[in-house]
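Following: one structure in structure tokens, then a few remarks.
The values are calculated or read from the model by the stated rules, or taken from the named source; none is laboratory data. Computed from a predicted model, the values in this text were never measured in an experiment. Note that we place each Cβ from the backbone using ideal geometry, even for glycine, and neighbour counts take in every protein chain shown. Ligands, DNA and RNA are excluded from the accessible area calculation, which covers all protein heavy atoms including side chains. Shrake-Rupley method; radii C 1.70, N 1.55, O 1.52, S 1.80 Å.
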Protein chains: 2
Amino acid sequence: SADGGGGGGGQGPAMDFPYLSPAHRDLMLDLLSDTESRLGPHLLPSSVPPDVLSFQSDSGNCKGSLDIRHGADGSKVDLILQSWLHCELPFGVLDITTLFAYLRPESDAPHLLVEFIQNGPDSLVLFIDLLPRRDLVLHADYLDHFYQQSSLEKTRQGLESAAEVAPYRSSSLYIRSVLSPTAIAVGINCGAEGARPLEELMRELVAGAAKEVIGVWLDRCALAEREVTEGDRTGLVARDDLIKRKTVEIDLSANLPRLFGQQVASRVVGAIQKAFGI
Amino acid sequence: SADGGGGGGGQGPAMDFPYLSPAHRDLMLDLLSDTESRLGPHLLPSSVPPDVLSFQSDSGNCKGSLDIRHGADGSKVDLILQSWLHCELPFGVLDITTLFAYLRPESDAPHLLVEFIQNGPDSLVLFIDLLPRRDLVLHADYLDHFYQQSSLEKTRQGLESAAEVAPYRSSSLYIRSVLSPTAIAVGINCGAEGARPLEELMRELVAGAAKEVIGVWLDRCALAEREVTEGDRTGLVARDDLIKRKTVEIDLSANLPRLFGQQVASRVVGAIQKAFGI
């Protein structure tokens, strides 16, 4: 059942990441476990139907799983979305794993975005960020509190200092705009001579960076108090809705039909839109 | 006189860039000439005193020039700031040339930022951008009109495709936040084996990119009509004031005293603050 898949702390069959490499799979399980052990009491059971918790294309070359859990009453967490896609395509195998966590307008603290896009055994594109919920040019105190005073910039620098890691610029100007100034947006290439294997890099470098960012998000965002006035709340809701709409539009509406066919894509996107309230 | 220096289309003695290399100097003169020939009728004479139009440190190792011209009544241009600094320091020679152009709240079109920071014969850090005046996450139409539909991204990509050019990340999180998603923020390093001379790169690559961006700014921003409501205007003024304050704080208040001494720095910063109305 949907509850069995999403309610078991992300350890149910659907979120077992059956197609990932061992290091990548361990990392995802770790991240979900860290998140859910800290937020668990604040989360409701899965809110998606079984045919969204597990889906595949007609030909079976693409498989996926998507789970969404809402925050319980009184929680600052609006919802947590976790998903994996595994597609065996003519040019190679594509694995995308995603963890989004959105907060409610009772807090203005950043949302969490973690996305791994692997399209070969030696290369990976990685986004890990706390998405700002205010215009950072207008809100210097916000920039200072979440980005300057935290360890995010140090973590980003540490990751980018590895020879196999290079900054990655999304082709979407919107995604560039929505990311924070300390966003981890990198390409990892382990195909060059002298490079360490990707598995090693995942365990020794990526895992640590991802856990650090999620730690900052849990401590400073999801589980911290923020004062938000009634007027602020309206602005936050409008901005959050746009972020959610654009996430669905750029990330999913554009890619899922191509990979899974229109029918499956509509079902999955529909479940997300319903959960997002957009 | 101040008028003689700033009023002559930027070609007066102060903005003659006496210390720049020929290609760098030609480029700056070209940019100012392009800008002033298009905006000339909209600009008032220089508004800074002679001891800001030309200044130096007590020991004479640092020299500089700063000019500010306001827009005439009815112009969309608030002000244009142009400056150069030339410092002979223990570790080498530092040359910084800057062109900022701010628009009034009658338009919400982006401001123009051009800054060249050269700290050796072979290397240059370069910022060329149209600074967004709205939160791009909230204003998708703004992102689309100025950044997606213009040639800015193509220009950026063209410049970054050169082997001598690499993305440059400012250490200031604020500056990262204020830049647009198509900002040119690059380091040029011509010291490596096989690299072209910096002079050649300036003429053949940088000059073209800088002129393209300024062309977009003139056509699409400074000389184009935008509808701005009364309510929008208040928000724009608040955001613009912050941009101006931070520009002075990060760029000048932090560096000028170290290079020119407190007295000269105060005079120059004071003239800017007065012109900026902050």
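On the stretch given as segment B:17-43, residues that are among the basic types (K, R) and surrounded by 17 or more Cβ atoms within 10 Å (Cβ to Cβ) total 1.
When the residues of segment A:137-194 are filtered to those that are in contact with a strand residue (DSSP E or B) (Cβ under 7 Å, 6 or more places away or on another chain), open to solvent by 30 Å² or more (accessible area, probe 1.4 Å) and away from chain B (no Cβ under 12 Å), the one that is nearest to B:R245 (Cα to Cα) is A:N189. Anything in segment A:239-263 that is touching an Asp or Glu at 6+ places or on another chain (Cβ under 9 Å), farther than 18 Å from A:T97 by Cα and open to solvent by less than 50 Å² (accessible area, probe 1.4 Å)? List them, or say none. Within segment A:239-263, A:R239, A:D240, A:G261 qualify. Taking segment A:50-69 as the range and being open to solvent by 60 Å² or more (accessible area, probe 1.4 Å) and either closer than 22 Å to A:Y102 by Cβ or among the charged types (D, E, K, R) (or both) as the test, the residues that pass are A:D51, A:D58.
Scoring B:F260 on the criteria (1) in contact with a Gly (Cβ under 9 Å, 6 or more places away or on another chain); (2) at pLDDT below 95; (3) of a type outside the set (D, E, K, R) leaves a single failure, condition (2). Selection of segment B:99-122 for residues being open to solvent by less than 10 Å² (accessible area, probe 1.4 Å) and either more than 16 Å from B:I243 (Cβ to Cβ) or without any contact (Cβ under 8 Å) to a residue 60 or more places away in the chain (or both) yields only B:F116.
Of all residue pairs spaced 6 or more apart or on separate chains, those with beta-carbon atoms under 8 Å, a first member in segment B:76-96 that is closer than 24 Å to B:V48 by Cα and touching a residue at least 24 places away in the same chain (Cβ under 8 Å) and a second member that is of a type in the set (K, R) and open to solvent by 10 Å² or more (accessible area, probe 1.4 Å) are B:K76/B:R104; B:V77/B:R104; B:D78/B:R104; B:L79/B:R69; B:I80/B:R69; B:L85/B:K63; B:H86/B:K63; B:C87/B:K63. Filter segment A:135-181 down to residues that are among the hydroxyl-bearing types (S, T, Y) and part of a loop (DSSP other than H, G, I, E, B) and give me whichever is farthest from the chain's Cα centre (by Cα). Going through the qualifying residues, I end up with A:S161.
A quick yes/no check of all residues on (1) in contact with a Pro (Cβ under 8 Å, 6 or more places away or on another chain); (2) closer than 19 Å to A:R176 by Cβ; (3) not acidic (D, E):
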position: B:R156; (1), (2), (3): no, yes, yes
position: B:S170; (1), (2), (3): no, yes, yes
position: B:E199; (1), (2), (3): yes, no, no
position: B:A209; (1), (2), (3): no, yes, yes
position: B:I214; (1), (2), (3): no, no, yes
position: B:R245; (1), (2), (3): no, no, yes
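Filtering segment A:212-219 for residues that are within 22 Å of A:L152 (Cβ to Cβ) and open to solvent by 50 Å² or more (accessible area, probe 1.4 Å) leaves a non-empty set. Checking each residue in segment B:123-136 for being farther than 27 Å from B:V206 by Cα and either open to solvent by less than 10 Å² (accessible area, probe 1.4 Å) or more than 10 Å from every other protein chain (Cβ to nearest Cβ) (or both) picks out no residue at all. A single member of B:D58, B:D3 is at pLDDT 80 or above and charged (D, E, K, R), and it is B:D58.
Of all the listed residues (A:I96, A:I80), the sole one being buried (at least 22 other Cβ atoms within 10 Å of the Cβ) and away from chain B (no Cβ under 14 Å) is A:I80.
With respect to the conditions (1) away from chain A (no Cβ under 13 Å); (2) in contact with a helix residue (DSSP H, G or I) (Cβ under 8 Å, 6 or more places away or on another chain); (3) in a loop (DSSP other than H, G, I, E, B); (4) among the basic types (K, R), B:K211 falls short on a single one, namely (3).
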